[in-house]
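The block underneath contains the structure these notes are about, expressed in structure tokens.
What follows is calculated from the coordinates using simple rules that are stated; it is not laboratory data. Bear in mind the structure is a predicted one, so any value in this text is a computation, not a measurement. Neighbour counts run over all protein chains shown; Cβ positions are idealised from the backbone, glycine included.
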Amino acid sequence: MIEIKSLSKEFKLTKQHRRELGESFTDKKSICAVNDISFSCKPGQIFGLIGPNGAGKTTTLRMVATMLKPTHGSISVCGHDTVHANQQVRKKIGFMTGQTALYDRLTPNEMVQYMAELHGMKKDLFFQRRQSLFDLLDMHDFADRRIARLSTGMKQKTSIARTIIHDPEVMIFDEPTSGLDVMTSRAIMNLIRSCKDDGKTVLFSTHRMGEINQVCDHLAIIYNGELYFNGSLNVFKEEMTQPTFEDEFIFRVEGK
Amino acid sequence: MKIWIIFKKELKDILRDRRTIMMMIVFPLLLAPALITVVSKVQMMQMKKAQEKKLKLHFIGKEYAPNLYQDFVSSERIIMIPYLQKDSIQHYIQDEFIDAVIEVSSHYNLALGQNKKASIKVYFKGSDSMGITKKRVEQIIKERERFIINERMARLHLDIDIVDAFEIDRVDISSSQEKIGKAAGGFLPYIFIIFGFMGAMYPGLDLGAGEKERGTLETILSSPASRFDIVMGKFLVVLSAAIATSFIAIGGLYLAVQQFPDIPVEILQVIQDVLSLKVFLMIMGLVIPASAFFSAIILSLSIYAKSFKEAQSIVAPLNIIIIFPAIIGTLPGIELNHTTALIPVLNVSLAAKDLVAGIIDPILMAEVYGSLFFLAGLSIWFCVKWFNREETIFRN
């Protein structure tokens, strides 16, 4: 379960930032990446956060994963506050991005073991879990090969295995299919669905409306750090005034 | 505490990297000995060559100083070039057609007859053969001068000893260990520091900026490891790399020194003393906090950088900042005192010099240890703080 209440995040701007961002930022001391958003994701549901690049999706997910601290508001993951009980939160989550984020010089076996050790898994449980994951993802053939030598698909499987090795209650996917081919994207979408089937809480960000339609139960539209819609996919579909999801999305963020 | 887990993983990771292995093992093991061997062998060869070389000399005014001329003619490994344009002799020397020219004035005999000084001009190229040409020419002239002085003294019925008013008996109370230690002791920590820095640099860059660039930082930040555990695990790997590289460099040097058959016994004795457990542990006591200091600095800068390339450009100037005080420490005349004991790197160099020489002042040594441990602690604290800043790790 993820509960987000009145969440805001501001980043201080340095002189260099102001210079790089252009004239409109000359007098600004900070930039608001997320502005007073609230939503909740329940176990057994997939919550999609959709928005264009720079909308505040990654910042929100990083705050949920305790990498960033909120400027205002609060986030609770499985009943733990992300600021005051951050370590408890991190034990409950699995975080995956579009980048495979693997160590090239390790093998999939070592990578998965490293994450299991960081999560304090007992050896017996780890061996059992690894066996079932490697069976499921068909990873045995390349489990002892250096990650640098693996194909993108193999890397993505390794990335999945290292994310879910500790069987997290909450899964956070930050644009997991970005830059991936159709086959690998499909594997990721299947993983997201299976997480739902296992009763996990899934928070998933994307900028592709099609993916939301494929897997999500609930969605929130985020643009310039603000929420433009927060509700179930069915409600969103019922309220649609435009012919396609993309058109509806543009209509909502530009028409507000 | 997940420090040990992170340390093990990061160590395994960097030890599988060819570039790290090159910087950490191959370079220090081969480069320092190769440099020393090549430089000293070339130097020895040049000196031998210069000593054995047949000098080509020209003598102007042999009719005024036939005896001196004869001295040159009868000397071994000297060829006299008879005819040369006097106004071109500097060109001849410059172009290495001849090695030196001796010019005697027409008043040579008159001056000597009147018990006065006769002037002799020697033209030579000082930049050649480590001054050996000049030495060999002057040696012959000195011998002739000694002969003339003896003749004068005999003519005046005076004892030759009258020329010298004093007989200085130099009693050097410093031991050979002290002398060599003072001269070369600073070189040892210099090797430790330079190679330690080199060894720490690549892992430091890889574990900070490299991790950001690969996108693996988020993986580890979302794990239950605390930021303190992450940064300490990484720091310990960088420190281990620094210390291991220093050891390998010193090991390589030791092996290189063993290759020289004609090392004086005193130097071998100093090497043995340095390798004694007590001195070695004391030097390591200096090198470890110094390495910790720059390992933490490298890691902090690397964590700050957006990419590996940026990290390289930030860390590279540090080389000079580290090398500069280390070089100053090897210079003669720079001593360990209450001020220099507080200057990082320089204090290591100077304290190690005194340690090797066996003349360490315990108060100054305590000051050096105190300052080094304080700086190491401060830089580690800064590194942890720095890693906790969102603005640093998510600078993009």
key: Spacing of the two label points (7 Å from each Cα toward its C-beta) at B:Arg16 and B:His107, in nm   = 8.5 nm
task = Describe numerically, in nm with one decimal, the distance between label points set 7 Å from Cα along Cα→Cβ at B:Lys309 and at A:Gln128.
result = 5.0 nm
ask   = Debye sum, Cα scatterers, chain A, no solvent: what log₁₀ I/I(0) at q = 0.14, 0.16 1/Å?
value = -0.99, -1.22
remark   = Per region A:1-110, sqrt(5λ) over the Cα gyration tensor eigenvalues, sorted largest first, in Å, gives 27, 21, 14
At q = 0.14, 0.15, 0.20, 0.22 Å⁻¹, base-10 log of I(q)/I(0) for region A:1-62 (Debye sum, equal scatterers on each alpha carbon) = -0.52, -0.57, -0.84, -0.95
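Just need the Rg to Rh number for region B:86-130, please, alpha carbons only, Kirkwood Rh. Write out the running numbers ahead of the final one.
Details: Rg = 13.6 Å, Rh = 12.0 Å.
With Rg and the Kirkwood Rh in hand, the quotient comes to 1.13.
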Dimensions (Å) - region B:55-163, Cα atoms, principal axes, largest first = 48, 28, 22
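Run the numbers on region B:55-163 and let me know its relative contact order in percent, using alpha-carbon pairs under 8 Å that are six or more apart. Don't skip to the answer; put the middle values down first.
Numbers: 120 pairs, mean separation 28.8, N = 109.
Reported as a whole number, the value is 26 percent.
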request  = Quick one: compute a quarter of the convex hull surface over the Cα atoms of region B:292-391 and quote it in nm².
outcome  = 6.9 nm²
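Round to the nearest 0.05 the FRET efficiency obtained for A:Gln16 and A:Gln87 when R0 = 30 Å and r is the Cβ-Cβ distance.
0.35
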note = Out of B:Phe247, B:Phe293, B:Phe324, a Gaussian network model of chain B with alpha-carbon springs under 10 Å gives the largest mean-square fluctuation to B:Phe324
query = For the pair B:Val26 and B:Ile79, how long in nm is the line joining their label points, each one 7 Å along Cα→Cβ?
reply = 4.7 nm
task = For A:Gln45, list long-range residues whose amide hydrogen, built 1.01 Å from N in the peptide plane, is under 5 Å from its own amide hydrogen.
result = A:Val202
task = Could you tell me which helices of chain B pass both thresholds, a Cα extent of 24 Å or more along their own axis and a mean Kyte-Doolittle hydropathy of at least -0.5, with helices taken as whole DSSP H runs?
result = B:27-52, B:187-205, B:227-258, B:277-304, B:362-388
remark   = Computed from every Cα-Cα pair in chain B, P(r) in 10 Å bins starting at 0 and rounded to whole percents is 4, 17, 19, 16, 14, 12, 9, 5, 2, 0, 0
ask   = Using θ = phi - 60° and the Karplus curve 6.51 cos²θ - 1.76 cosθ + 1.60, what whole-Hz ³J(HN,Hα) does each residue of region B:215-225 get, with Gly and Pro shown as x?
value = x, 7, 4, 5, 4, 7, 5, 8, 8, x, 5
query = Between A:Asp197 and B:Lys8, what FRET efficiency follows from the Cβ-Cβ distance if R0 is 35 Å, with the result rounded to 0.05?
reply = 0.50
note = Dividing the mean separation of Cα pairs under 8 Å (6+ apart) by the residue count of chain B yields a relative contact order in percent of 22 percent
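Helix-derived [θ] at 222 nm for the protein assembly as shown: sum -39500 (n - 2.57) over DSSP H runs of at least 4, divide by residue count, nearest 500? Walk me through the numbers before you get to the answer.
On the way: 29 runs with 362 residues, N = 652.
Here the helix-only value at 222 nm equals -17500 deg cm²/dmol.
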inquiry  = I need the phi-derived Karplus couplings for region B:335-342: 6.51 cos²θ - 1.76 cosθ + 1.60, θ = phi - 60°, integer Hz, Gly and Pro marked x.
reply    = 10, 6, 9, 5, 7, 5, 5, 9
More than 40 Å apart - percent of Cα-Cα pairs taken over the protein assembly as shown = 53 percent
Size descriptor, Kirkwood hydrodynamic radius, that averages inverse alpha-carbon separations across region B:357-396, Å = 12.4 Å
note = Residue-ordered couplings for region A:79-87, obtained by feeding phi - 60° into the Karplus form 6.51 cos²θ - 1.76 cosθ + 1.60 and rounding to whole Hz (Gly and Pro as x), are x, 9, 6, 5, 8, 7, 10, 4, 5
remark   = With 0.36 nm assigned to each residue of separation and the Cα-Cα distance removed, B:Ile320 to B:Leu158 gains 52.1 nm
